[in-house]
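Worksheet for the structure shown next.
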Amino acid sequence: MGTGKTVILLNLESLYESLYDAMNQFYVKFGEDRYVDLGLGTHRVKCRVHNDFRLIVVADKQAVYKRFPIPLINRLEKHFLSTTTMLTSDKLSIAKRLDTWAHDFAHIRLNPGQTNGSTFDVQDAFIDYCSDTPALIVANISSSVTKQDYQDEKEWENRVLELSQDALLACAVPDAILRLPGSVLCDPEDPYDSAQRIGYKYNFEQNHRSLAEYIKCEIKLDQEKKNNNGILAQVTTHSRLLLPWQDLSEVAKVLNLQPRKLRQNCLFLQEFETENQFTEKIREFFMDTSSDDQMMIIQCEGEIKHTNLIECSRYIVQNERNEVFDNGETDHKFSRHVVFIIQLPRFAGSCSHSLLGGKWRSVHIDEIRSPHAESPDTSAFEDRPLGAIFESRRIEDSPRLVNTVALLISCVHAATASVEDVEGNRKRKRVKMLLRLLKSEDDVAKLTFANVIKARICQLLKERDERIGHSAAQWLCNEAMCSEKIQINGTFRRTVWQKLKTVVTPILAEVIAFADKDDNLDILTSPQGSWKHQLWLEILRNPQLAVMTYDDFLSPINHLPREIVPVLSTSNICYDFPFFWVVKTYIDRVLQSGIATKATGANVLEYKFKQLLQQSEISEMCVMDDNHPYYDEIVSCYFTDFLRNMLRTTDSEDKYMNVIRKAITSAAFANFITNKAKDKSSFVMSVADIHVTYHNLHTRLQYLEQIVKIFPAAVDLSLEVENEMVIDVYSLLKLLENLEKTQLSEYEKRTHFVSMMHKARPIVEKMHESERQSKELYGNKSQQYIADSRNLWKKLCVVKSFVDHLCPDTNVGNENAKKIVHLLKAFDKHKIGSTGALKVVETVLKMANKVAQEKYFRLGNNECRFCTEAVTEPVILPCDHVYCLKCVQPMFDQLLQRKCMCKKPVSEDFKIESTTKNKENVAAYTRFRRQCNSFFMEYISLYCFTDEQPPEMKLIERLMSHVTLQTGDKVETKRPSPFSEESVDQTPVVRSFVLQLLLRYSDNNVRTSLQDYLSKTGNVVKTEQDILEFSSLSIQCIEDALYNKVVKIDSNSKLSIIHDAILIIEKAIQFRLEEPDLVNIDQLEHIASVRFGLTVTAEVMYQYCSSNPQRNQSGQQYMQYVWRLMEVAKTYCEKCDSSLPRDFLLKQLCRRYGSDCLQSIIHDQRGTEWLLPADLIVELEVPDRYIICGNDYRKIRQVIIELVKSSSDDKFIHKTIEVNTTYS
């Protein structure tokens, strides 16, 4: 103050309160001198002030308004200075153009919906941009560009503007570069041209990809300018600051510096407590005379509280550098570079570090580290969809491409966390296996786990890109539009990496869930060169085998990738064969393709199947290569898993599974011997043999599995491999033999026997039917076992029926159970259903009946001594004889006089009554007899009429004797029963089921017996109604038997039915009915056959003469049969003396298909007019379902038509009364 010099204060807010009087110009004069009080701590001193003294305080405008006290601001003479106010008009014009360019650069033309709700301003595009920034840049650039070097001023202005734009571009963020196509700066018609030029300059000319590349480029430019002092640069970044060891070593390598010295010269501003410490360190760096280039890196967090610290330290560096180099204190032949790295928070306006001028170079590098595995160069992703990016090769081939293996490794934990096991938890184990496999050798020329996973994910990403459409390549620009994601992740490079992880993680989770089904990943623990390891990778690599599509991964609700991915399992079975379920499903699909080619026959199907397999995706794999050194082991492993899958067992050493293995091997070996005349020793089991054999025998194997569930001991585990498969039929026979040995003396054992029979019935009947329909699948030995089991099963069914009907939990039931042994012995001697077997059944029933009589009646007789019929209301005399109440009452006095028929006396006080106990005994005995008859009828229907051949004559005669009763000259019918005392049938013949059974056959012996039976019963039938009922039953039975016979011959061909109908009607045309007789079997058969033929004719007429669509879908031969059938039907109806056949045909058409079809048939113009008379056809303009009622109906209808046409009400009423009187 006393010297008169001007004092400038900058960033010294702590002194401003002490200079209160000086700033307020509150002076005290002593003579010619002026003095002012200065506050120094707790006391004040006076200081002389020269007249020329001036005090200037320099401060930022915002700092003044925020931190300066109001009184202090009021004391100062305020002047606002900016770079803009210091520019000339031409430079100011350039600054305005630069500002417009910057705003156009940042402003996005797209709608808010297209920018994910984010809006951007110029501060989001350029670091620390303010209103003074364009002027500062223009001032700095114009000072180094002289106008004399250019022809005119406009060219100079353009050059300054271009260099200013480059300087401002150096401070741009990378996401702003990617938003350029949607900015106002670019031409809407071709936005990518300008964007690509600016992007190329930003990434490659200015080298914003990493700090090392930028410094290397700047050093090279200085060397070209022969500037050996070194560079001064301030680098702002949003990434983490450099670490001394890992990061600095990489920088030193790129810049060819000594890593140890670079680490020593890496400073953090916050580690210095005083300015002197920092100054000494800087001076030491510049004073070092080492014979190599050196660089000092000064790092600091760019928070607002550090703003002054950074500016001060920058001033110290420049001041010390000037003292060393400009003053020539040392003789440096090598450069000394200083780089400030300032870490900025990721939000606009967070700090203020003004763009520097002069010797300082300002640049923003979003990520200061070089691109690496987890931080790829984003410039390589522009206009490339994710699927194309994932096709990148190893990172060493091109550092700009993403390291997909590193990406997969980074996604493993998140992907595994979203994979959920149905049972148990394999997350930790799964993570360890995946990391180990992915970190193994990554060689694109080899088949490795990492390469296979990359290939499948690449395929799925391409499907995702196709689903998205043309916008899939703009994903990087979309990420740049989302400011929230960038703020969360810090740098744009990390944002892109996180985007890649977000997309890849759910897809990787789906691949993991697919690959680890049934713990399939555990197979990769085998040695890397083993066949299991290689086959595992080959299968997963093939998209035709391991089918995975991106659409399958999407939730059906929101159509987004699933958050939770379940790992499917097959009944907790862990297979040893790689991707067993995939291979099995694919081979089954190939097998179905062979079946679809209509390759019939086991041998033809096997040939076609193996031919298709050789053309399939697995043809080149080791599972199909019989020359592979481990082929037997491969097939054995697959065979084991195949059986475990079939049997749902987790034990690979299961004894039952080994039995099934032997069974399939036996069948495959038998097929090999049959098809190829080779040595048996040359047989080698293949995967194709396993599938073909199982396809041919899977029904038999399922039967075997059901037998084992019923009776596990039925399977003989010691059964050796034979030339045919017999294990199933042999086990069936063992099951039935075990049932035959069951002791039935106790009720509990009988209940268990019946329960076992119910369980065994479905499987036994299915196996017998399967052998009958597919004999080619059963060898000679198997057919013999089936024949033995069929006979044994019939015996057991008879025993079960006997137990059900006659062996309840009573004393009578226990006694009857002892008779079963007689049945079994008889069935060993006689064929079931034969006459001898029937006699034994009758004998056993009579023995059981005798036991019941003795149980329920003391003398064993249930017949009344008077009427010799079964007792209804029993009265038991003291002598234990049984009489009917209605017989005893009128004769009681005679009993008292002459005693009973047994001569025993009857007391006078004896009451004639039917007691409750007597009634219960009679009811119990009646139920027993009913059960006996029911068993007898069931035995006859099931075992005497089972074969296609009719029963033998002796059996027929014996059966007829059970339904007729000869009493003198009188013949009566009775219920079918083995007991001769069975009561007479009050409704004869009509309810006789024996007649229905016999009517199935057309054998001469049967016909003779039936005719004899009908002749006898014809005398019994008295009324006309009984005759009609009897005839109707007979005709219906014959007709049903005829239809069943035709269907049984060929159930799938209507042609055979039509053919038989033609023959039947042709035969009926030749038949001459001499005298009608409804009890004549020939006439009944004739009527039934004609009804059958006309029924078929009605169906054919409806299908092919009406407007039914089936008429145009049949072959020529079929249609010939159709017209032939209608022709013979017409001939029969015309030659028949009665109109009944034609009426029957019309009724069939109307009842089955409606009367509307009749008109279509009549007007078909195909020769069907004969169905109705000509005059009736004319009147069929309107369908009338009652037209077949005859002439009376037609006359009534004509009268009504005339009355309706008449306009007279009186005439209508009169005619109506006349019609009612005539036809009533």
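The values are calculated or read from the model by the stated rules, or taken from the named source; none is laboratory data. Here the structure is a predicted model, which means the values were calculated and not measured. Here Cβ is always computed from backbone atoms with ideal geometry, including for glycine, and neighbour counts include all displayed protein chains. Ligands, DNA and RNA are excluded from the accessible area calculation, which covers all protein heavy atoms including side chains. Shrake-Rupley method; radii C 1.70, N 1.55, O 1.52, S 1.80 Å.
Some values worked out for this structure:
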item: Gained length - L243 relative to N723, 0.36 nm times residue gap less alpha-carbon distance; result: 165.1 nm
item: Rounded Å value of the spacing that divides the Cα centres of the stretch 168-215 and the stretch 468-504; result: 17
item: Of K608/K662; K800/K850; K781/K829; K201/K462, those spanning more than 27 Å from alpha-carbon to alpha-carbon; result: K201/K462
item: Rg to Rh quotient for the stretch 89-190, alpha carbon positions, Kirkwood Rh; result: 1.04
item: Computed E for K766/Y607 - FRET, C-beta separation, R0 22 angstrom, nearest 0.05; result: 0.15
item: Scattering profile of the stretch 539-645 at q = 0.10, 0.12, 0.14, 0.15 Å⁻¹ [log10 I(q)/I(0), Debye over alpha-carbon scatterers]; result: -0.40, -0.56, -0.73, -0.81
item: Loop-resident sites, the stretch 231-317, for GluC sites (Glu not before Pro), counting at most 16 other Cβ within 10 Å (DSSP); result: E273, E303
item: Net dipole in debye of the stretch 728-802 [+1 Lys, Arg Cβ; -1 Asp, Glu Cβ; about Cα centre; nearest 20]; result: 140
item: Cβ-placed point charges (K, R +1; D, E -1), dipole of the stretch 51-154 about Cα centre in debye, nearest 20; result: 380
item: Tail beyond 14 Å, pair distance distribution of the stretch 139-220 (Cα, percent); result: 69
item: Whole-Hz couplings from phi, Karplus 6.51/-1.76/1.60, listed for the stretch 202-217; x for Gly and Pro; result: 5, 7, 10, 7, 8, 6, 8, 6, 6, 5, 4, 5, 5, 5, 4, 5
item: Contour excess over end-to-end distance, with Cα ends at K709 and A596 and 0.36 nm allotted per residue; result: 37.3 nm
item: Count of lysine pairs in the stretch 204-337 with Cα separation under 22 Å (8 or more residues apart, or interchain); result: 15
item: q = 0.11, 0.13, 0.22 Å⁻¹, the stretch 470-576: log10 I(q)/I(0) [Debye, one scatterer per Cα]; result: -0.53, -0.69, -1.19
item: Centre separation in Å (Cα based) which lies between the stretch 529-546 and the stretch 760-817; result: 50
item: FRET efficiency for E205 and D121, using Cβ-Cβ distance with R0 set to 22 Å, rounded to 0.05; result: 0.25
item: With 10 Å bins from 0: P(r) over the stretch 170-290, alpha-carbon pairs, percent; result: 10, 30, 31, 17, 9, 2
item: Cα→Cβ-extended label distance, 7 Å offset, between Y1193 and S14, nm; result: 12.6
item: Rg/Rg_globular for the stretch 478-528, with Rg_globular taken as 2.2 N^0.38 Å and Rg from C-alpha atoms; result: 1.73
item: Cα lying deepest toward the dipole's positive end in the stretch 777-852, options N849, C807, N791, charges on Cβ; result: N791
item: Estimated vicinal HN-Hα couplings, Hz - the stretch 373-381 in sequence order (Karplus 6.51, -1.76, 1.60; Gly, Pro = x); result: 4, 9, 8, x, 6, 5, 5, 7, 9
item: Spin-label model distance (nm) - D193 vs D90, 7 Å beyond Cα toward Cβ; result: 3.1
item: Solvent-accessible ranking of L40, L185, L744, largest area first, probe 1.4 Å; result: L40, L185, L744
item: Average projected area [Cα convex hull, the stretch 31-170], square nanometres; result: 15.6
